[in-house]
Amino acid sequence: MKLDKYWNKYGNCVIIVLTVVVNIIAMSFCFDYYYDLNDDVMMKDVMAGVYAGTPDGHNMQTLYPLGAFISLLYKLFRTLPWYGTFLWLCQIGSLFLIGYRLLGLLKKWQAKLACMLLMTLFIWGVLLPHMIALQYTITCTMLASAAIFLFMTTKRGLNIQQFILYNIPSILLVILAYQLRSEMLLLVFPFIGLAGLYKWAEEEKFFNKENYIKYGIVIACILVGMLVSRLIDYAAYSGENWKAAVDFFNSRTEVYDFHYDILTSGEHAEYLASIGLSDAQQELLANYNFGLDEDIDAELMAEIAKYAASDTIDDSSLTKRVFDRMSKYIYRTLHGGDFPYNLLIIAGYACVFVSGMWSALKRDRDRKRWNFLWELVLLGIVRTVLWMYILIKDRDPERITHSLYLAESMVLMGVFCMRHFLTTVQETVDMEAGFSDNNARSELEVQSMSITGNVNSIENGKFGSVKFGADLNVIPSISLLLIVLICFSNLTNSITATRADANKREAANRGAYAISQYCSSQPQNFYFEDVYSTVSFSQKIFKSVDNSITNYDIMGGWMCKTPLYGEKLRRYGLGNTQDALLKEKGVYFIIEIPDMENDTYSGPEWMVEYYHDKGFSVDLKQIDVIDSRFAVFQVVEE
């Protein structure tokens with residue numbers, strides 16, 4: 001009896017812990033964990049002190065409060081992989097919270113087992129590539145998705161204090177997601193808003209003072225948390241040098257992420273020349289090595305960004321562009337390009353619609369029984385607007401599109417659970433537990449009983465027998481089977497793709513490892529790297545962790561032109577990049593040898609032309625070769 005009591009209290013926690021641990025062990029046995037992109041590696045390097053020598057929260061990507069917290073952990077325990085561990089814990093924690101809440105909605109052990117089976121299949125058949133190669137954009141959305149589901153499955157009938165306390169996890173998850181990747185959180189924020197609206201619409205009285213307070217406080221807490229996070233971030237970057245760095249970063253993002261063709265097509269060379277950029281400088285911008293030239297600053301990059309955002313560079317009309325992207329949007333949604341995400345979303349809409357119709361036919365006296373119709377329509381409109389936004393901006397990499405799918409899927413699952421579990425299972429259990437007081441019940445309670453079963457008789461204020469069974473189980477069972485089949489159909493492909501990606505990363509990383517070993521063996525020197533020769537790499541998160549400072553850096557990228565970039569150079573006694581390569585001893589340049597060349601590669605002509613443009617006659621002297629792939633050059637003034 002005592003064991004049953006403890007199991008009833010802690011059983012769900014035990015089940016989800018075992019499920020998560022088993023999956024962690026299996027994934028760790030089969031794969032190594034990686035940072036997905038070099039962006040995450042750079043963020044880690046800044047916060048760990050690898051970049052400038054001292055852990056620092058100014059990583060230019062996360063908001064400063066989170067960056068400062070992680071950098072503090074590195075200051076306390078420098079040798080541990082704190083940033084990678086943080087991303088990993090956020091992902092695992094999000095799945096834990098969702099799974100734990102799902103188990104709380106289910107009462108029979110068979111249903112709980114099926115739920116954990118579905119979670120495992122979803123991890124391996126859908127999420128696996130993103131859980132092995134961790135990236136902060138996907139992690140942000142997983143936090144937001146967990147918040148969406150937790151909020152939508154909040155218990156019914158809570159008073160103000162209980163409601164707020166119950167949703168503290170959702171509030172904190174949204175704020176944390178905002179600090180991790182503010183742009184992504186804002187992109188999926190409409191889904192968070194829909195989650196709140198749908199939950200509010202399920203209240204007995206929508207326009208009610210208690211609801212104004214409950215939902216108003218939750219919304220206010222989220223917004224205040226986001227505002228405070230942003231204000232702290234603003235203060236941290238308010239110094240003159242950091243402000244200029246942020247301006248440069250924002251303009252660089254606009255140009256390189258959305259309008260890179262301006263720098264490479266040659267069609268805009270006349271404009272670039274009109275703002276003072278020589279051919280050599282334009283080439284630096286095109287190959288991303290703008291760190292070589294101090295004249296390419298925040299003001300100049302802002303001019304290019306302003307031009308890039310103008311209509312003068314887009315020959316197609318907005319109407320034609322919208323129609324083109326709409327066709328692409330419809331194709332991606334209905335065809336297999338985004339499989340299995342798109343099929344899961346289609347299945348989600350179908351499950352909610354069928355479930356809603358099923359419940360509506362049983363709830364003939366419930367005025368909210370048709371809510372699911374406008375909820376699905378509104379969700380479809382919102383997702384269309386968001387997708388059109390990213391497609392029109394030509395910014396639809398998987399880390400963004402998959403994020404949209406994940407957030408939308410949590411809204412659908414939340415609607416499904418509100419319709420079928422919060423209004424059937426919970427109330428069914430209450431009824432099966434027995435109302436010891438069988439005196440008169442409210443009409444609402446009688447209606448709630450009729451949702452999932454047939455009330456045979458209610459006489460003299462007493463409840464008659466209630467028949468439950470097929471009505472309660474058929475829709476969830478069919479929905480579960482459908483989702484399982486979709487996840488299972490992609491299981492082999494997901495594992496194969498993840499393994500292939502790991503092999504590809506190892507091949508790409510060999511060059512980066514070779515450069516790192518070469519440079520560390522020459523600690524008295526400093527090496528600048530050609531950007532596109534050396535950025536196609538990632539790192540393992542939990543293996544070969546080395547957070548000591550490096551004596552090399554790329555000659556561009558988004559940390560270039562920041563105070564930390566200057567601090568790194570000063571640590572090695574260097575000023576600006578141009579003079580360091582030309583005048584300082586022990587400063588070299590690394591670039592990948594083109595396929596058609598050999599170890600006598602004479603070096604990039606664009607560098608010689610750049611120095612000639614600045615009034616220097618130089619020659620590039622090859623002094624070494626790394627891994628038969630990369631040439632090491634010294635700039636020699638003639």
Cα-based Rg and Dmax for the range 236-338, in Å, come out at 17.0, 50
Long-range amide H contacts for Tyr527: which residues qualify at under 5 Å (H placed 1.01 Å from N, peptide plane, sequence gap of 5 or more or a different chain)? Tyr552, Asp553, Tyr588
Compute the Kirkwood hydrodynamic radius of the range 470-618, taking the inverse of the mean of 1/r over all pairs of distinct Cα atoms, and give it in Å to one decimal. 19.5
Compactness summary of the chain: radius of gyration and Dmax from Cα atoms, Å, are 28.7, 107
With all protein chains present and a 1.4 Å probe, how do Phe633, Phe339 order by accessible area, largest first? Phe339, Phe633
Among 356-362, 76-82, what's the highest-first ranking by average C-beta atoms within 10 angstrom per residue? 356-362, 76-82
Projected area averaged over orientations for the range 1-90, convex hull of C-alpha atoms, nm²: 8.3
Net length gained if the chain between Ile275 and Lys585 were fully extended (0.36 nm per residue, minus Cα distance): 108.2 nm
Filter the cross-link list Lys306/Lys568; Lys5/Lys155; Lys214/Lys368; Lys44/Lys75; Lys155/Lys209; Lys2/Lys107 down to pairs whose alpha-carbon distance in this structure exceeds 24 Å. Lys306/Lys568
Run the accessible area of the chain with a 1.4 Å probe and give the carbon-and-sulfur part as a rounded percent. 59
Packing-based ranking, highest mean first, of 586-592, 130-136, 23-29, 576-582 given that Cβ atoms within 10 Å are counted: 130-136, 586-592, 576-582, 23-29
Quick one: which residues, 5 or more positions from Asp624 or on another chain, have an amide H under 5 Å from its amide H? H modelled 1.01 Å from N in the peptide plane, none for Pro or chain starts. Val632
Under 5 Å between amide H atoms, partner at least 5 residues away or on a different chain: which partners does Ala133 have, H built in plane at 1.01 Å? Tyr34
The chain: calculated mean residue ellipticity at 222 nm from DSSP helix runs of at least 4, using -39500 (n - 2.57): -20500 deg cm²/dmol
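Over the chain, what is the relative contact order in whole percent, taking alpha-carbon pairs under 8 Å and six or more residues apart?
In percent, rounded to a whole number, it is 19.
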Over 20 Å, how big is the tail of the calculated P(r) for the range 202-261, in percent of all Cα pairs? 58
Hydrodynamic radius by Kirkwood for the range 160-249, inverse mean 1/r across distinct Cα pairs, in Å, is 14.9
With θ taken as phi - 60° and the coefficients 6.51, -1.76 and 1.60, list the Karplus ³J(HN,Hα) couplings across the range 110-124 in order, rounded to whole Hz; mark glycine and proline as x. 5, 5, 5, 5, 4, 4, 5, 5, 4, 4, 4, 5, 5, 4, 7
Quick check on packing: order 318-326, 247-255, 178-186, 539-547 by the mean number of other C-beta atoms within 10 Å, highest mean leading. 178-186, 247-255, 539-547, 318-326
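The values are calculated or read from the model by the stated rules, or taken from the named source; none is laboratory data. Owing to the predicted nature of the structure, the values given are computational and were not obtained by experimental measurement. Cβ: placed from backbone, ideal geometry, glycine included. Neighbour counts: every protein chain shown. Note: areas computed on protein heavy atoms with side chains; ligands, DNA, RNA excluded. Shrake-Rupley method; radii C 1.70, N 1.55, O 1.52, S 1.80 Å.
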